[in-house]
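The values are calculated or read from the model by the stated rules, or taken from the named source; none is laboratory data. Just so we're clear, the structure is a prediction, and the values are computed from it rather than from any experiment. All Cβ positions, even for glycine, are placed from backbone atoms using ideal geometry, and neighbour counts span all protein chains on display.
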Amino acid sequence: MTASVDSTTKAGYFPGAQPIRIKMIAERRSGRLLGAQVVGRSEAAKRIDTLATCIWNEMSVDQILSLDLAYAPPFSPVWDPVLIAARKAFEAVEADVRQL
C-alpha cells in the first residue's frame, strides 16, 4: 500500500514555510512500514531520520500514528507531515483489509 501527502515544512503562517512531499510504502496486511520517500528543501532530513528509525524498528503505520513528534511553528506544522502520511497509509491498509 502506498500513500503520498503534500504539506509544508513549518506552520503555514510562519515565514519561510516550504512545500514537502512524503510517500510511504506499507505492507498490505500488517501495515509495517517498508519504505518512504521525502522530497523537499528544508527540514526533509528531520523527516527522513524519523522514517528511517521507524523502518529500523519495524513499526507499522498505526504505531507511527502514536509518535509524539515535537511541535514548534519554526520547525513543523501542528500535524507533522510524517503523521499525516502515516494516517493516510493506515487508512489505505484498513480499507484493503476490509475488502478481504
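When the range 24-40 is limited to residues that are surrounded by 12 or more Cβ atoms within 10 Å (Cβ to Cβ) and in a loop (DSSP other than H, G, I, E, B), the one that is modelled with the lowest pLDDT turns out to be 28. Scanning the range 41-100 for residues being within 18 Å of residue 5 (Cα to Cα), exposed (fewer than 13 other Cβ atoms within 10 Å of the Cβ) and β-branched (Val, Ile, Thr) gives a total of 1.
When you go through 95, 89 one by one, which is the residue that is part of a helix (DSSP H, G or I) and under 13 Å from the mean Cα position of the chain (by Cα)? Residue meeting the stated conditions: 89.
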